[in-house]
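These notes are about the structure you will find just below.
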Amino acid sequence: MAMNRRSFLKGSSAFAFSASIMGCSSSDDDSPSEPPVTEPPTPEPDGIFHTTCPRNCGDRCSLLVSTKDGVAVSITGDTSHPVTAGTPCVKGHAYLESIYSPERIKQPMKRVGPRGPGATFEPITWEQANSEIAAKLNEVIETYTGNAIVPYFYSGYSGISASSGSNRFFNRIGGRNLQRNICASAGYSGMSSILGEFSGPSPEDYVNTKCFVSWGTNEQATNIHHLKFINEARDKGAKILVVNPARTPLASQADIWLQPTPGTDATLVIGIAKTLIEEGLHDTGFIDAHTQDYDALLARLEEFTHEQIEAETGVTKAQYQSFARAYAGAECAMIRIGYGLQRTLNGGRMVKAIPTLAALTGNIGKVGAGVVYLNTQAGGMFNWGYCSGNHLTPEDAVRDTVNISEIGKSLLPEDYQHEDGQVGPLAFDEPCDPIKAMIVYSSNPIAIAPDADLIEIGLMRDDLFLVGIDLFQTDTMDYVDYLLPTSSYIEQSNMIDSYHCYYAKHSTQAISPLYQSKPDTVIFQDLAKAMGYSDPEFSESIDDILRGTWQGNISYDELCVQNWDSPVVDYPYRKNYDFPTPSGKIEFKDISGTYFDPEKFNPVIDTGTPESDDFATKGMTDDEKAREFRLLSPAHPKLSNSQWANVKYIEGTFPQHTVYIHPDDAMRKGISDGDQVKLVASRYGQRDVTIQYTARIEAMTPAGTIFAWKNAWKKLNENGSNTAINQLTNSELTDMNHGSTFHSTRVDIALA
Amino acid sequence: MTEQKCFVFRQENCVGCEACTVACQAGNDLNEFISLRDISQGEKINSEGRQVSVFLSQSCHHCADPLCVEKCPEGAMVQRADGIVYIDDSMCIGCGACKFACPYNAPKVDPNRGILSKCDMCKDRLAIDEKPYCVQGCPVQVLDVMDQSEALALPGASLSGDGHQDLGTGPSTVFIKLRN
């Protein structure tokens with residue numbers, strides 16, 4: 001690492017906040033302005049700008065960027081924001097180190113050697129890059145149609161300005177659709193199956209609860225700002241209950257921690273629900289008035305004995321009875337369901353089971369109660385169709401869809417022989433037309449997507465034209481034909497919604513784009529023009545895109561001054577018990593077929609696990625099941641997916657390429673702390689995939705389950721093996737809504 | 001006599017995310033391989049008999065009887081009237097006597113400058129009514145600074161915590177523990 005990373009920074013430590021906070025420029029002129037797209041506006045050189053962190057986190061920190069002579073000298077929390085308050089998370093403290101990293105990609109580049117690790121590039125001009133990329137993409141469209149070109153993007157940079165240009169671009173060329181269900185989608189269906197929706201109460205309401213349940217999430221890494229609400233509730237007498245196979249910090253601090261065997265949460269719900277009924281802790285008035293198919297639920301609970309539940313979950317009857325009593329005994333109880341829980345083959349079914357407990361106890365529709373999963377209320381303040389230019393799609397365009405988690409299968413060579421006799425690329429287990437070009441932006445699939453080696457087979461195809469847009473030379477960027485420098489979040493304005501608390505936020509450009517970088521929207525606008533598209537949508541300034549997309553309660557100009565706005569939400573959430581299910585009630589039983597096949601899965605609570613189910617009903621393959629350990633790979637607080645891994649004060653400061661092994665397992669396997677170990681998984685096509693990690697002997701999970709941090713970079717593995725965790729992880733899709741199944745991975749482990 | 005200043009740490013709420021350590025490093029523009037505040041993780045048996053992990057966030061404890069001040073041969077380690085112990089960079093010769101004297105491993109060799117570096121409670125920020133970087137930078141709000149007499153009057157206040165006790169130098173840090 002270079003020693004002068006902060007050479008741009010001057011006097012950051014004692015900058016006093018004397019200037020007023022600057023909003024974005026306002027405009028009273030409704031006529032189309034001259035397109036300043038290739039020359040983004042230059043902010044005032046000295047000031048304090050309100051910005052909003054656009055990375056993959058629902059907290060959406062309000063951050064003040066102070067500049068001096070056009071250089072950002074500090075990024076600090078906006079103390080006036082009620083949720084993120086005066087500070088970012090640990091990652092945000094290293095924001096300047098990321099933005100001014102000497103490792104930033106500084107100009108467009110073209111690959112001059114072989115693809116893959118160690119690839120070499122030479123600088124080219126934007127004119128050359130646009131001209132050559134446009135010619136190649138037009139050739140692909142001419143030969144195969146736009147359906148042969150796919151975007152690969154997720155959340156590296158979220159929000160309106162981050163996605164407008166690219167969405168308009170791919171709509172205009174009729175590109176292949178990318179189903180971006182890698183995060184929380186199985187849970188959307190699971191929640192909706194019983195409650196009719198997945199949105200719920202605001203986490204700001206945690207302060208009012210008398211019982212907070214953290215189910216399958218780790219507050220240390222995800223939504224850390226909510227911990228102060230949880231602790232405030234606790235100081236006012238709330239009990240804290242945690243359900244998690246991993247020993248999170250809150251699991252240690254909790255009043256009760258249940259540690260189920262991974263995948264058995266639905267069975268655990270049955271145990272808790274049985275207790276509620278057996279001990280008369282349920283709310284019969286609420287059940288009679290606001291739920292449907294209670295009898296079916298009772299019958300389902302009867303099918304299980306406590307002995308069976310204990311054996312399957314690894315949680316004792318006494319433990320889950322204590323949980324049931326604490327939960328039902330509270331005046332109001334709030335459950336937060338995490339996303340890690342549902343990134344597994346039975347994820348939808350597990351999430352569907354959990355709100356049963358809220359329904360049985362009437363913990364919904366009142367202050368301090370409910371089920372929090374992912375909130376879309378603030379997102380309603382944006383006109384997404386305007387942002388994305390949905391009208392630009394040619395009427396005759398045929399646009400297929402591929403899935404973000406199984407992109408490896410969809411990128412396979414046309415002569416790839418599958419075990420079942422199929423040949424060539426697949427999408428959703430069916431043959432799909434070949435992808436001839438891919439543009440990767442706001443993502444790093446080799447690090448963040450499962451079965452990375454399968455993806456690599458595709459990225460190595462000579463007949464796949466690859467363009468990458470990034471801040472850094474990530475693992476994925478080593479494969480691209482052209483590498484384009486994007487601008488960081490403070491180098492462009494943006495609007496973005498929190499997906500937990502109810503805020504839609506503005507983010508003001510604080511500095512000019514560094515080096516030759518451009519915002520993604522500008523990159524795609526310029527590329528569209530180079531390809532011959534003259535639509536005015538490709539000449540709209542970012543400020544005008546934001547203005548046109550905003551549909552909140554206040555004007556866009558007011559938003560720029562106020563920095564955020566909240567939608568009007570009838571609160572407490574669902575206080576009128578008007579559940580958006582077909583019956584208008586909470587539905588314990590779902591035979592609609594909307595979210596899952598009720599012939600395949602029990603329509604009340606299905607308790608199948610990846611290990612117990614057959615492959616045809618969303619179980620693991622036999623090869624997977626034969627591996628000795630279940631692998632969990634959740635988020636670390638110092639990374640947002642693969643971002644920040646290479647940043648000063650983050651890189652090298654935590655056990656990124658380390659596997660945590662339970663002491664009992666370690667003793668049995670003869671593995672000691674610090675040993676180099678090989679982890680082997682069976683991935684698609686019966687491939688044995690091996691990575692090399694450092695062993696850490698710690699009871700992070702129950703014996704039989706091992707643990708590592710997700711989305712590590714291969715090239716940053718300190719042992720030089722160029723291996724990382726997502727080479728091992730499962731790319732099959734969930735039981736509901738085509739989600740990711742990272743945690744449905746089993747591995748063998750041995751000394752290296 | 002000016003009041004002794006101290007860090008206040010609500011250890012029972014700390015989740016060990018290291019926001020405090022990185023806020024300190026970035027705010028003070030430190031060499032990336034040293035930190036003036038560290039998080040350590042320990043194990044204990046809680047009041048219900050369950051083994052749990054605990055996190056200790058600590059920097060210099062700004063001791064009442066600082067051995068580092070006593071052992072510095074150059075007089076570079078200074079204890080202010082308000083108890084803040086800091087290094088006068090112009091006088092430090094980098095001998096490391098303070099580092100070996102400190103029972104809490106607070107002074108660190110700064111490879112950029114060849115001298116020692118240590119938490120000074122962000123005294124320059126305190127002077128303009130700003131909290132230290134670590135305090136301001138904790139998203140869980142488990143850290144604070146205040147006069148020690150004020151801190152010790154808070155409910156649940158004590159001079160010891162999990163993994164921390166007085167090792168003979170009168171560390172000023174006050175721990176807050178409101179739960180069993």
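Against the list (1) under 18 Å from the mean Cα position of the chain (by Cα); (2) on the phi > 0 side of the Ramachandran plot; (3) not charged (D, E, K, R), the condition A:Gly118 fails is (1). Considering every residue within segment A:673-687, establish whether at least one is in a helix (DSSP H, G or I), crowded, with 19+ Cβ neighbours inside 10 Å and at pLDDT 95 or above. No, segment A:673-687 contains no residue that is in a helix (DSSP H, G or I), crowded, with 19+ Cβ neighbours inside 10 Å and at pLDDT 95 or above.
Condition test on A:Gly458, is it in the same structural domain as A:Ile439 (by TED's automatic domain parsing) and part of a helix (DSSP H, G or I)? It is true that A:Gly458 is in the same structural domain as A:Ile439 (by TED's automatic domain parsing) and part of a helix (DSSP H, G or I). Going through segment B:123-149 one residue at a time, which ones are assigned to a loop (DSSP other than H, G, I, E, B), closer than 22 Å to A:Ala94 by Cβ and within 9 Å of another protein chain (Cβ to nearest Cβ)? Once the filter is applied, which keeps residues that are assigned to a loop (DSSP other than H, G, I, E, B), closer than 22 Å to A:Ala94 by Cβ and within 9 Å of another protein chain (Cβ to nearest Cβ), segment B:123-149 yields B:Glu130, B:Lys131, B:Gly137, B:Cys138, B:Pro139, B:Val140, B:Gln141, B:Val142.
Taking the numbered list (1) crowded, with 18+ Cβ neighbours inside 10 Å; (2) among the small types (Gly, Ala, Ser); (3) within 13 Å of chain B (Cβ to nearest Cβ) in turn, A:Gly652 passes all entries but (1).
Scanning segment B:150-180 for residues that are within 14 Å of chain A (Cβ to nearest Cβ) and among the aromatic types (Phe, Trp, Tyr) yields a count of 0.
Filtering segment A:465-479 to residues that are in a strand (DSSP E or B), under 17 Å from A:Lys106 (Cα atoms) and of a type outside the set (Val, Ile, Thr) leaves A:Gly468, A:Asp470. Scanning segment B:1-42 for residues that are of a type in the set (Val, Ile, Thr) and closer than 20 Å to A:Ala94 by Cα, we see that the one that is farthest from the chain's Cα centre (by Cα) is B:Val15. Checked against (1) modelled with pLDDT of 95 or more; (2) hydrophobic (A, V, I, L, M, F, W, C); (3) part of a helix (DSSP H, G or I), A:Ile182 passes all but a single condition, namely (3).
With a requirement of 3 or more residues that are more than 18 Å from the chain's Cα centre (by Cα) and within 14 Å of chain A (Cβ to nearest Cβ), the strands (runs of 3 or more DSSP E) lying completely within segment B:49-122 that satisfy it span B:51-58. Can we say A:Tyr152 is more than 30 Å from A:Asp565 (Cβ to Cβ) and within 12 Å of chain B (Cβ to nearest Cβ)? Taking the combined requirement at face value, the residue does not satisfy it. For A:Thr607, the stated conditions hold: it is surrounded by 22 or more Cβ atoms within 10 Å (Cβ to Cβ), within 24 Å of A:Arg349 (Cα to Cα) and of a type outside the set (A, V, I, L, M, F, W, C).
State yes or no: is A:Ser199 in contact with a Phe, Trp or Tyr (Cβ under 6 Å, 6 or more places away or on another chain), more than 10 Å from chain B (Cβ to nearest Cβ) and at pLDDT 95 or above? No.
Okay, residues lined up against (1) under 30 Å from B:Val15 (Cβ atoms); (2) touching a Pro at 6+ places or on another chain (Cβ under 7 Å); (3) of a type in the set (Asp, Glu):
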site: B:Glu32; (1), (2), (3): yes, no, yes
site: B:Leu36; (1), (2), (3): yes, no, no
site: B:Asn46; (1), (2), (3): yes, no, no
site: B:Val52; (1), (2), (3): yes, no, no
site: B:Asp88; (1), (2), (3): no, no, yes
site: B:Cys92; (1), (2), (3): no, no, no
site: B:Cys102; (1), (2), (3): yes, no, no
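Filtered by the rule that a residue be polar (S, T, N, Q) and buried (at least 24 other Cβ atoms within 10 Å of the Cβ), segment A:131-162 gives a lone residue, A:Ser161.
Among the residues of segment A:655-672, those that are among the aliphatic types (A, V, I, L, M) and buried (at least 17 other Cβ atoms within 10 Å of the Cβ) comprise A:Val659, A:Ile661, A:Ala666, A:Ile671.
Each row is one residue, and each column tells you yes or no for (1) in contact (Cβ under 8 Å) with a residue 24 or more places away in the chain; (2) surrounded by fewer than 20 Cβ atoms within 10 Å (Cβ to Cβ).
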{"site": "B:Asn13", "(1), (2)": "yes, no"}
{"site": "B:Glu18", "(1), (2)": "no, no"}
{"site": "B:Gln25", "(1), (2)": "no, no"}
{"site": "B:Gly49", "(1), (2)": "no, yes"}
{"site": "B:Val52", "(1), (2)": "no, yes"}
{"site": "B:Ser57", "(1), (2)": "yes, no"}
{"site": "B:Cys60", "(1), (2)": "yes, no"}
{"site": "B:Lys71", "(1), (2)": "yes, yes"}
{"site": "B:Gly83", "(1), (2)": "yes, no"}
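For every residue, the table says whether it meets (1) crowded, with 23+ Cβ neighbours inside 10 Å; (2) of a type outside the set (D, E, K, R).
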residue: A:Ile407; (1), (2): yes, yes
residue: A:Glu430; (1), (2): no, no
residue: A:Ile448; (1), (2): yes, yes
residue: A:Phe465; (1), (2): no, yes
residue: A:Tyr479; (1), (2): yes, yes
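Of the candidates A:Asp590, A:Asp526, A:Asp543, the single residue that is buried (at least 19 other Cβ atoms within 10 Å of the Cβ), of a type in the set (Asp, Glu), in contact (Cβ under 8 Å) with a residue 60 or more places away in the chain and closer than 30 Å to A:Leu195 by Cα is A:Asp590. Restricting segment A:360-413 to residues that are part of a loop (DSSP other than H, G, I, E, B) and of a type in the set (Lys, Arg) leaves a set whose member that is farthest from A:Leu195 (Cα to Cα) is A:Arg399. Among the residues in segment A:609-628, are any out of contact with any helix residue (DSSP H, G or I) (no Cβ under 9 Å at 6 or more places or on another chain), closer than 30 Å to A:Ile749 by Cα and within 14 Å of chain B (Cβ to nearest Cβ)? Scanning segment A:609-628, I find no residue that is out of contact with any helix residue (DSSP H, G or I) (no Cβ under 9 Å at 6 or more places or on another chain), closer than 30 Å to A:Ile749 by Cα and within 14 Å of chain B (Cβ to nearest Cβ), so the answer is no.
When B:Gln79, B:Gln148, B:Gln141 are screened for being surrounded by 22 or more Cβ atoms within 10 Å (Cβ to Cβ) and either modelled with pLDDT of 95 or more or small (Gly, Ala, Ser) (or both), only B:Gln148 passes. Out of B:Asp82, B:Asp144, B:Asp129, one residue alone is of a type in the set (Asp, Glu) and in contact with a helix residue (DSSP H, G or I) (Cβ under 6 Å, 6 or more places away or on another chain). It is B:Asp144. Of all residues in segment A:203-219, one or more are under 30 Å from A:Ser388 (Cβ atoms), of a type in the set (Asp, Glu) and touching a His at 6+ places or on another chain (Cβ under 9 Å).
Say whether the condition of being touching a His at 6+ places or on another chain (Cβ under 8 Å) and in contact (Cβ under 8 Å) with a residue 40 or more places away in the chain is met by at least one residue in segment A:682-691. Yes, because at least one residue in segment A:682-691 is touching a His at 6+ places or on another chain (Cβ under 8 Å) and in contact (Cβ under 8 Å) with a residue 40 or more places away in the chain.
Among the residues making up segment A:216-271, those that are acidic (Asp, Glu) and at the interface with chain B (Cβ under 9 Å from one of its Cβ atoms) are A:Glu219, A:Asp235, A:Asp255. Within segment A:567-576, track down each residue that is of a type in the set (Ser, Thr, Tyr) and either in the same structural domain as A:Ile287 (by TED's automatic domain parsing) or loosely packed, with under 15 Cβ neighbours inside 10 Å (or both). Within segment A:567-576, just A:Tyr571 meets the criteria.
The values are calculated or read from the model by the stated rules, or taken from the named source; none is laboratory data. In this text, all values refer to a predicted model and were calculated from it rather than measured experimentally. Note that each Cβ is placed from the backbone with ideal geometry, even for glycine, and that neighbours are counted across all protein chains shown.
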